[in-house]
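Here is the structure we will look at, set down as structure tokens.
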Amino acid sequence: MFSDHNHLSRRRFLSGLAVTSGALATGVGSWVVRPDWANAAEGPIKVGIATDLTGPIAYAGTADANVAKMVIKEINDAGGLLSRPIELYIEDTASNESVAVGNVRKLIQRDKVDMVLGGITSSMRNAIKDPIVARGKTLYIYPQLYEGKECTPYLFCTGPTPAQQCDEFIPWLIKNGGKKFALPSANYVWPHTLNVYARKVIEANGGEVVFEEYYPLDQVDFSATVNRVISNKVDVVFNTVIPPGVGPFFKQLYEAGFLKNGGRLACVYYDENTLNINQANEIEGLASCLDYFKTLTKDDPVSAKIQAAYDKDYPGKILFAAGSAATGTYRGLKLWEAAVKEAGKVDRDAVAAALDHAKIAEGPGGPAEMVPGKRHCKMKMYTAVAKGGNYEIVGRSDGLVDPKEC
Amino acid sequence: MGVAKEAVRVTASGVPDIAMSECESDGTLPAQQTRRKVLPVVEGLTLAVAILLPLVLQDYLTVFATRVIILSLFALSFDLVWGYAGIMSFGQALFFGSAGYGVALLARDLEITAIFLVLPAAALIGLIFSLLLGGFLLLGRYPSSVIFVALGTLTGSYAADRLARGWYYLGGQNGIPSISPMTLGSAEITEGPVYYYLALGILVVVYLLCRFLVRSQFGLALAGLRENEQRIAFFGYKAQHLKAIVFAVGGAIAGLAGGLYAFHEGFVWPNMLGVVFSTQVVLYVLFGGSGTLIGAVIGAIIIEGVSFYLSDNYRDVWPIILGVLLLLVILFRPLGLISFVLGERERVGSFGRKPKGRRHAAP
Amino acid sequence: MVQGMASAFVAAFEILSFGAIIVLVVLGLGIIASMMGIFNFAQGEFVLLGAYITYLAYSRGLPIWVGMAAAPFLVGALGFVLEGLIIRRFYAAPIVAMLGTYALGLIIRESVRGLIGGFYLTVPEPIGGSIDIGTFHISAWRFTIIVVTLLVMVACYLLLSRTTFGLRVRATLENPALARASGISTPMIYGTTFAFGAALAGLAGALIVPVFSLFADLGIRFLIQGFVAVMVGGVGSFIGPVAGAGVIGTLSAALPWIMAPVIADILVFVLAIVFIKFRPQGLLSGKGV
């Protein structure tokens, strides 16, 4: 029913960008990127990407898909993996868990991929991990910063965890902001779990949590919260409200004079993409802690190389940024490549065993190492502050930071 | 109507006419019987295709087809409520989703996954919620306006969505993932042909039950309700009670569908309770043709099938096309696609009197 | 003491500004419902269109207020056209009207989504900054919204009660058959009314976009609140929906101050439905202005 045939598609997110050689699409279904040479005796290795190409976080999902295409092309151009070409299958999870499960099933049952990488929000990860890992018996790499506590076997996480984002960040915030923290949050699992950890670190460093609140995801009026922040003289707003509420929230805080009175905004998922949600003056001084910022390209040649390669292939509005899982995607694919090389084959158990302790020397922001037995990744962390619409690095970790999970 | 039985009879033109509906009471052939009955043909065809489908489809498409079957069951619940009782329920997803969440909690907290416990539980949850909501909205000193019921059900669905989204015990926006599969004894019922035939079987049974209901004396009262509510009240029928009963049955069916869906997909999330899902089922039925039962099933199949196919190639444009198609159907073919093949007479159905001894009393 | 009073004033102001936004959105909905007896499920999407037009103007380099001024007229014109082509056929069956306008809203929403993708886009306020009251700040733009809403309401009232056009509208509202027999062009009145309702929604969208940011699902949120507000206030008059919007808006903004936002959210709707059940005609029933 879905025979292979050359068939150029009109997928919009590729329009205007350099089309990678041999990019094809099957009749009904995902994007398939098939390299020009497919003469390996064992056939190609199949990698599946399941990410949000449409929906409110389409900017993140599209970036991840772009990074995947870039990395796979690099690997194929260098001769492939185990002398076999890699075929990339991309499915849209559409920010809709129901659609996502259906499309992920296609990757597993129809395309029979050897590995799936993807999911951005925790709810998406929770929805698709079962079809991939349990029912599909396939390896799953999750590339995004999240709340931790994901210890499912065969599920590897290559994005920052609360420990990595808070352990050095919060002491910096106390020193450069103040002791009184507010935790306004979106009401779902990531903020809930992150706040538990954050509160621990805040209080261990002498800070105080003045209030912790949860709002419906589409709430856009925060007058009550803003009033509480101002009247309690909060120093640091450790925010986990996400779009669409975060834009109005920061604006309302600014209008109430929070920044003028010396308050500090902190938001651990803020990267170059989210800078555009507000006007620059509304988020002046906002601090974030991620594994990569574009400004690192000035002094890190590896980061510069990766950023340049991405910008060349995918110029435009879809940015290579750490809050969108793009860096985690890069890291995850390279670690997986290393693991497959070590294992010598692609079957799940062998690769999982090798991936357990895989390392890469070159990644965005620095090298990365999986922690054996924990399925989480050590990486360098950076604290940055928004100044005039751009980030400035104000803190770097000494080495690779431990994720402290599982 | 008594039991659905097959009757082969020869029409005036000499062509054998296989009918799966009741036969006329006194054995004579009324004038309209000279025309071939289309409805049973449509039903039979659909059933035949449904039975044969897994044999020709790849695995993951069978899984998709199972989902469509479950959604058809859901659509059936709405057709019963709207097409036969005239209740515009914009919130059927409330019952669908609550049952889904209910069985998810049973599986997660109490580890109950046995099929003979969870499916009845799902139907029961749907029944209870619909009795509560229906009772509040429909019963009372003055009959409620249609708009009020529509708005009330819409608000119910919306409020449930917001509640589930905000309640951390129910998983908040993330919902409840990784629901263990349904079990029959010690065997797991997983997605694939097994689940497909299970869902299909349940759909057929519920479909026949609905047919039974709407072709009975009860159905006759409902037909009168649809035609002229005031007049039927003057006849002594408690119109509001009739409506509440139908609403409750619809809710139970929606709940059953919700339970099946939760175990099939393996997760539940607030959108299952919400407005978009509620209106989805309204659209299936409108498209297929309300008041025919099979129209709901066909509408679900067509819309889901076309969505699946088109959403890959025309992802950005498909929802717009869907909206335009629906608008066209509403404007020019309000009786739905089925009206292309089904005459008006057949649509309403016949409620012929049965020979003595075979009929039950009216409510 | 002065602190407390100032704080209460700020709170009241915030509640008022939120209520004003709801009133704008609901005004159009109410007028259409009162006049033609149909609930316009696409009203939320008219709000979205107003917001989108404003953004479009801004992104093309025009001053924001140009987009804001243009939005109501453009959306109103679209409303007029839609009414003539499509909505007119629904007057006989209000339920079908709900579904038809839902389909229409779907088309509009997905079209906008196709144009802007899944992004959340911002527009700066034409009148930025804040007004200082002691140590408390009030957003200047939100203050402007309240002022504009009041002006619009007063203008509507004057239009309906003092002008010949308004007289015709009220006549059609009270007795369409007699109005037609008297020579009033009912289709024209309906068309203009629908256009007017759409224009109000467009204006609401234009004013809101600096506060809420533009995204494709902006309309859904206001739709449900709008419906409930109209039914609570009472269909059939001008002041009814306004009252309803005021109540719903105020409750929605005030309750989160005293209870968890999630509970507040739902409580407003539950209370509203219960209220409507026991008083189906709403707060202020009766036809006309």
*Calculated SAXS-style log₁₀ I(q)/I(0) at q = 0.11, 0.14, 0.17 Å⁻¹ - segment C:2-278, Debye, Cα scatterers*: -0.63, -1.01, -1.42
*Can you give the direction-averaged projected area of the convex hull of the alpha-carbon atoms in segment A:163-267, in nm²?*
5.7 nm²
*Among the helices of chain C (complete DSSP H runs), which have Cα atoms covering no less than 20 Å along the helix axis and a Kyte-Doolittle mean of at least -1.0?*
C:2-36, C:43-59, C:64-85, C:94-116, C:140-162, C:186-212, C:218-233, C:239-254, C:261-278
*Mind checking the alpha-carbon convex hull of segment B:96-197 and giving the volume per residue in Å³?*
131 Å³
_Long-range Cα-Cα pairs in segment B:183-266 (distance over 17 Å), rounded percent_ = 59 percent
*asked:* List the aspartates and glutamates whose Cα sits under 20 Å from the Cα of B:LYS243, skipping any in the same chain fewer than 8 residues away.
replied: B:ASP79, B:GLU227, B:GLU229
_Quotient of Cα Rg and 2.2 N^0.38 Å for chain A, N being how many residues it contains_ = 0.98
*May I ask which residue of A:PHE211, A:VAL241, A:VAL302 lies farthest towards the positive end of the charge dipole of segment A:195-315, with charges of +1 (Lys, Arg) and -1 (Asp, Glu) on Cβ and the Cα centre as origin?*
A:PHE211
*What percentages, rounded to whole numbers, describe P(r) for the protein assembly as shown computed over all alpha carbon pairs with 10 Å bin width beginning at zero?*
2, 10, 19, 23, 21, 15, 8, 3, 1, 0
*asked:* Can you report the principal axis dimensions of segment B:154-303 using only the alpha carbons, biggest first, rounded to whole angstrom?
replied: 53, 36, 31
*Cα shape, segment B:30-117, gyration tensor, a/c 1.5 rule*: oblate
*If you take the charge dipole of chain A about its Cα centre, with +1 on Lys and Arg Cβ and -1 on Asp and Glu Cβ, which of A:GLY79, A:ASN187, A:ALA322 is farthest toward its positive end?*
A:GLY79
*Would you please calculate the Kirkwood hydrodynamic radius of segment C:1-113 over all C-alpha pairs and express it in Å, rounded to one decimal?*
16.1 Å
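Need one word for segment B:35-178: rounded, prolate or oblate. Basis is the Cα gyration tensor (sqrt eigenvalues a ≥ b ≥ c); a/c below 1.5 gives rounded, then a/b vs b/c decides.
Oblate, because a/c is 1.5 or more while a/b does not exceed b/c.
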*Add -39500 (n - 2.57) for each DSSP H run of 4 or more in chain A, then divide by its residues: what number comes out at 222 nm, to the nearest 500 deg cm²/dmol?*
-9500 deg cm²/dmol
*asked:* If you take every DSSP beta bridge fully contained in the protein assembly as shown, what fraction is antiparallel? Give it as a percent rounded to 5.
replied: 55 percent
_Cross-link reach list, aspartates and glutamates versus A:LYS137, counting only Cα pairs under 13 Å and skipping chain neighbours closer than eight places_ = A:ASP114, A:ASP347, A:ASP349
*Where does segment A:79-166 land on the Kirkwood hydrodynamic radius, alpha-carbon pairs, in angstrom?*
13.7 Å
*Links that overshoot a 26 Å alpha carbon limit, given the list A:LYS69/A:LYS149; A:LYS233/A:LYS294; A:LYS200/A:LYS374*: A:LYS69/A:LYS149; A:LYS233/A:LYS294
_Cβ neighbours within 10 Å, averaged per peptide: list C:197-205, C:8-16 in order, most packed at the top._
C:197-205, C:8-16
*Given the options A:LEU81, A:LEU355, A:LEU335, which has the most mean-square fluctuation in a GNM of chain A, springs set between C-alpha atoms less than 10 angstrom apart?*
A:LEU81
*With Cβ to Cβ distances under 13 Å as the rule, what net charge do the other residues near C:SER161 carry (K, R +1; D, E -1)?*
+3
*Classify segment C:145-272 as rounded, prolate or oblate from the Cα gyration tensor: take a ≥ b ≥ c as the square roots of its eigenvalues, call it rounded if a/c is under 1.5, otherwise prolate when a/b beats b/c and oblate if not.*
prolate
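I'd like the projected area of segment B:58-348, averaged over all directions, using the convex hull of its alpha carbons. Report it in nm² with one decimal. The partial results should precede the final answer.
On the way: hull surface 63.0 nm².
Averaged projected area of segment B:58-348's Cα convex hull equals 15.7 nm².
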_Å³ per residue enclosed by the Cα convex hull of segment C:122-214_ = 116 Å³
*10 Å Cβ neighbours from other chains, averaged over peptide A:87-97*: 2
*asked:* Can you list, by residue number, the Cys in chain A that have no neighbouring cysteine C-beta under 4.7 Å?
replied: A:CYS157, A:CYS166, A:CYS267, A:CYS289, A:CYS377
*Computed [θ] at 222 nm, helices only, for chain C once each DSSP H run of length n ≥ 4 contributes -39500 (n - 2.57)*: -25500 deg cm²/dmol
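Every number here is computed from the coordinates shown, using simple stated rules; none is lab data. Since this is a predicted model, take the numbers as computed values, not measurements. Neighbour counts are summed over all protein chains in view; Cβ atoms, including those assigned to glycine, are modelled from backbone coordinates with ideal geometry.
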